[in-house]
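Visitor: I'd like to ask some things about the structure below.
Each reported figure results from applying straightforward, stated rules to the coordinates on display, with no laboratory input. None of these values were measured; they are calculated from a predicted model. In this analysis, Cβ positions are derived from the backbone assuming ideal geometry, glycine residues included, and neighbour counts consider all displayed protein chains.
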There are 2 protein chains.
Amino acid sequence: MSMTNIQLTSTISEDNKLTLALQDIDMPQPADDEVVVRLEAAPLNPSDLGVLFNAADMANATQSGTPESPVITADVPAQFMPSLEKRVGKAVAVGNEGAGTVVAAGSSPEAQALMGKMVAVIGGGTYRQFISAKAQSCLVLKEGTTAKEGASSFVNPLTALAMVETMRAEGHKAIIHAAAASNLGQMLNRICIADGIDLINIVRKPEQEKLLRDMGAKYVVNSSSESFLTDLTDAITETGATIAFDPIGGGQLSSDILNCMEAAAAKEMEEHTIYGSDTFKQVYIYGALNRGPITINRNFGFAWGINGFLLFNILGKLGTETVAAMRERIANEITTTFASHYTHEVSLSEMLQLDSIAAYAKLATGEKYLVRPQA
Amino acid sequence: MSMTNIQLTSTISEDNKLTLALQDIDMPQPADDEVVVRLEAAPLNPSDLGVLFNAADMANATQSGTPESPVITADVPAQFMPSLEKRVGKAVAVGNEGAGTVVAAGSSPEAQALMGKMVAVIGGGTYRQFISAKAQSCLVLKEGTTAKEGASSFVNPLTALAMVETMRAEGHKAIIHAAAASNLGQMLNRICIADGIDLINIVRKPEQEKLLRDMGAKYVVNSSSESFLTDLTDAITETGATIAFDPIGGGQLSSDILNCMEAAAAKEMEEHTIYGSDTFKQVYIYGALNRGPITINRNFGFAWGINGFLLFNILGKLGTETVAAMRERIANEITTTFASHYTHEVSLSEMLQLDSIAAYAKLATGEKYLVRPQA
């Protein structure tokens, strides 16, 4: 077992500078109920970029350091500094999830049972080489699963399953998903097909339409099309979808969705009322791909909600039993239903190159980066 | 008992015209469990204007008919007609509530018991002279209460009480109210003082600040002030308010409120996170005083909700027992906690004068119209 351990950190200093660097850290010593995982693969999710760059102006970032240990520096615009007070001066570890082999274990039977196993972990900064984790929190992957296959076992799979469980818990019967060609969107599409749930996929490009249709999606609407609002209303009328999940936020897509839901509901109403339909319409915003203002053109009555949707809060609501069932399904179907596709792989030092940053910061749908901490 | 009965109706025709007129209708005959109420006073609430004018261009309305029975005509812009399909050709009765004397009753003991009593009624178009109502749904006012005092016994009092009950049911501990100098706002202020609940009143004018402070309000912030956001954040920090009610909608007040709630919550956080605080922040939009777009500048994390708030839906959620207790409190406190103030009185025919319409359509805070169907 190698005696070096390296982690990627993001630090904001008092003088408005963001610094990204690789840090030598101690090898973790497992407590009784813990294991040490040699991380071999970790995905770059949009939320990781938030931790990595925060509000810094990455377009004007500079690179220094050495080729093996580059350092990236960028300015944080002054207006954001007051809200970052609690972060200033702290080297924040980045990376929300990953997978690798258990190389050390504490004395408890649960920890010992994991020795040599391929597991997925969540939290703690997975853009590092070795991490300790509670044995209980590790997701044990099936024999033969690779670290790459298991790297995205939590954020996207749990989010997609949480959407379906939220739909059920809140009494809706079909789902609308925006930016639906993403890895997460493809998972949701596979879950909905398997579970017999109608899913309306909103995409922006013809090739994304084709991708989802080739994967068996029945309802795909293109928000760039002139007939978008009519197409969406028709799909809602057919499916009865009254809950939507949107990772974009900024702009007026949430508003369009609610107005189309209302237009579909109005067709069923016997009388006109100024209060709109009593069909409850819900949009959950689960990301911030567009950080601009959300514009709501309200022609959808009073029975509606727009809410933030954050995985960790939702899991708390759904309860332990539901979450345990989700984890089991993910472990069993990680190479099928929950398969992720990566278009690029980068080492920790490659993550800190200006040209890689320019590429992965785009968050282009259809592109997905895998970090290889051992490379 | 007079044998004529007149009601005000609003009709939209296929050729995009809105017509407001007075109609002679039959005197109602009470069923066994019904009473007939001689309506003597009915308020003009914002929601009534929605039914009355709908989407018509009232600025260019014209008046015809006779002085006793005027007729108002206005154009409905073509783009609104598709959504009004179910309303076209129907003479819609207007007026959501009112009060008057029971002048006839069905054979049931409950109905007979109301003969001669002053009662408040809800629904059915109260801009008319005589209306039938289920005995059970009438709110019996205390001996000596006038029709004017009882006219607004439902919409504003129940809405204000529903706000407080919603706060309790959803686990919040203090309330923010926008457009707080309204009749409803004054009621809410009195309820919160009586019940020991911290209320942050948002107003737009210094005289409204004074009005509420003179009524004992502790927290009043002026949204026209340069220090508005700081003032609001400070008041939230002091009270812990995490639920707000806003009758305006359009513009960015809801967004400002959520951002101030988050700023207050962030002060208590030990660590910075890109997901924001886990303090759940809720804004309910219960009106549309500004029909323009709602603009949300999202710097408040993921633990938030913005929802429509419609009295009838909320009462359903709160349940029969809570609503019965609300009704009893309203009847007991209609001249104190739930007192309304009217600045103008109009007869049914005066409602259909261009100059009155221009005045009452403004929905100015501090001005309130009372309709006198018998005048």
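Visitor: What's the FRET efficiency of A:Thr4 with A:His341 using the Cβ-Cβ distance as r and R₀ = 25 Å, to the nearest 0.05?
Guide: Taking R0 as 25 Å, the efficiency between A:Thr4 and A:His341 is 0.20.
Visitor: Additional query: From the phi angles alone, apply the Karplus equation (6.51, -1.76, 1.60; θ = phi - 60°) to the range A:320-329 and give each ³J(HN,Hα) in whole Hz, x where the residue is Gly or Pro.
Guide: 4, 5, 4, 5, 4, 5, 4, 4, 5, 4
Visitor: Regarding the range A:1-139, what are the three Cα extents along the principal axes, ordered largest first, in Å?
Guide: The Cα atoms of the range A:1-139 stretch 51, 32, 23 Å along their principal axes.
Visitor: Check the straight Cα-Cα distances from B:Lys173 and name the aspartates and glutamates below 15 Å, setting aside those fewer than 8 residues away within the same chain.
Guide: Counting by Cα, and skipping residues close in sequence, B:Lys173 has these aspartates and glutamates nearby: B:Glu165, B:Asp195, B:Asp198, B:Glu238.
Visitor: With the Cα gyration tensor of the range B:3-68 giving a ≥ b ≥ c as the square roots of its eigenvalues, does the rule (a/c under 1.5 for rounded; else a/b larger than b/c for prolate; else oblate) give rounded, prolate or oblate?
Guide: prolate
Visitor: Arranged by the count of other C-beta atoms within 10 angstrom, fewest first, what order do A:Thr159, A:Thr62, A:Thr19, B:Thr230 take?
Guide: Listing A:Thr159, A:Thr62, A:Thr19, B:Thr230 from fewest to most nearby Cβ atoms yields A:Thr62, B:Thr230, A:Thr19, A:Thr159.
Visitor: Choose one answer from B:Leu310, B:Leu114, B:Leu158: the residue with the largest mean-square fluctuation in a GNM of chain B with alpha-carbon springs under 10 Å.
Guide: Looking only at B:Leu310, B:Leu114, B:Leu158, the biggest GNM fluctuation is shown by B:Leu310.
Visitor: Within 10 Å, Cβ to Cβ, of A:Lys218, how many net charges do the neighbouring residues add up to if Lys/Arg are +1 and Asp/Glu are -1?
Guide: That sum, taken over residues with Cβ under 10 Å, equals -1.
Visitor: Another one. Kindly state, to the nearest 0.05, the FRET efficiency for A:Glu68 paired with A:Lys173, given R0 = 60 Å and r defined as their beta-carbon distance.
Guide: Efficiency, from the Cβ-Cβ distance: 0.65.
Visitor: Among the lysines, select those whose C-alpha is under 21 Å from the C-alpha of A:Lys210, and discard any that sit fewer than 8 residues away in the same chain.
Guide: Filter leaves A:Lys218, A:Lys368.
Visitor: What distance in nm separates the simple spin-label points at B:Asn60 and A:Thr273, each placed 7 Å from Cα in the Cβ direction?
Guide: Modelled inter-label distance: 3.2 nm.
Visitor: In debye to the nearest 20, how big a dipole does the range A:195-274 give about its Cα centre with +1 on each Lys and Arg Cβ and -1 on each Asp and Glu Cβ?
Guide: Approximately 360 debye in magnitude.
Visitor: Top mean-square fluctuation among A:Ile197, A:Ile236, A:Ile334, Gaussian network model of chain A, C-alpha springs under 10 Å?
Guide: Taking springs between Cα atoms under 10 Å, the residue moving most is A:Ile197.
Visitor: Another question, then. About the Cα centre of the range A:298-375, how large is the charge dipole given +1 on each Lys and Arg Cβ and -1 on each Asp and Glu Cβ? Please answer in debye to the nearest 20.
Guide: That gives the range A:298-375 a dipole magnitude of about 320 debye.
Visitor: What residue in chain A has the Cβ closest to the axis turning A into B, and how close is it in whole Å?
Guide: That would be A:Ile306, 2, residue then distance in Å.
Visitor: Cα atoms only, the range A:156-315: Rg and Dmax in Å?
Guide: When restricted to Cα atoms, the range A:156-315 yields Rg and Dmax of 14.6, 43 Å.
Visitor: Between B:Gly251 and residues 5 or more places away or on another chain, which pairs have amide H atoms under 5 Å apart, with H built 1.01 Å from N, and which residues are they?
Guide: B:Ile294, B:Thr295
Visitor: Next question. To the nearest whole number, what is the average tally of beta carbon atoms from other chains within 10 Å of the beta carbons of peptide B:299-311?
Guide: 6
Visitor: Starting with the fewest neighbours, write out A:Val121, B:Val155 ranked by other beta-carbon atoms found within 10 Å of each beta-carbon.
Guide: Going from least to most buried by this count: B:Val155, A:Val121.
Visitor: Next question, about the same structure. Placing the label point 7 Å from Cα along the Cα-to-Cβ direction, what are the distances from A:Leu84 to the equivalent spots in the other copies, shortest first, in nm to one decimal?
Guide: 5.3
Visitor: Just to be sure I understand: if I project the alpha-carbon convex hull of the protein assembly as shown onto a plane and average over all orientations, what area do I get in nm²?
Guide: Dividing the Cα hull surface by four gives the mean projection, 36.1 nm².
Visitor: If you don't mind, another one. Label-to-label distances across copies for B:Lys362, with labels 7 Å out along Cα→Cβ, in nm, shortest first?
Guide: 5.6
Visitor: For the range A:156-315, what relative contact order do you get, as a whole percent, if you take Cα pairs closer than 8 Å and at least 6 residues apart?
Guide: Relative contact order comes out at 21 percent.
Visitor: Which order do A:Phe312, A:Phe154, B:Phe309 fall in if you start with the one that has the fewest other Cβ atoms within 10 Å?
Guide: Starting with the residue having the fewest Cβ neighbours, the order is A:Phe312, B:Phe309, A:Phe154.
Visitor: Provide the net charge surrounding B:Thr101, with neighbours chosen by a C-beta distance below 9 Å and charges set as Lys +1, Arg +1, Asp -1, Glu -1.
Guide: +1
Visitor: Looking only at B:Gly319, B:Gly95, B:Gly116, which one moves most when chain B is put into a Gaussian network model with springs between Cα atoms under 10 Å?
Guide: For chain B, modelled as a Gaussian network with Cα springs under 10 Å, the answer is B:Gly319.
Visitor: Is the C-alpha gyration tensor of chain B telling us rounded, prolate or oblate? Criteria: a/c under 1.5 is rounded; beyond that, a/b larger than b/c is prolate, otherwise oblate.
Guide: The shape class here is prolate.
Visitor: Which distances, shortest first and in nm, link A:Asn332 to the matching position in the other copies, using label points set 7 Å out along Cα to C-beta?
Guide: Nearest first, the other copies' label points are 5.8 nm away.
Visitor: Within 10 Å of each Cβ in B:291-297, how many Cβ atoms from other chains are there, averaged over the peptide?
Guide: 6
Visitor: Count the lysine pairs in the range A:1-146 that are 8 or more places apart or on different chains: how many have C-alpha atoms under 26 angstrom apart?
Guide: Lysine pairs meeting the criterion: 6.
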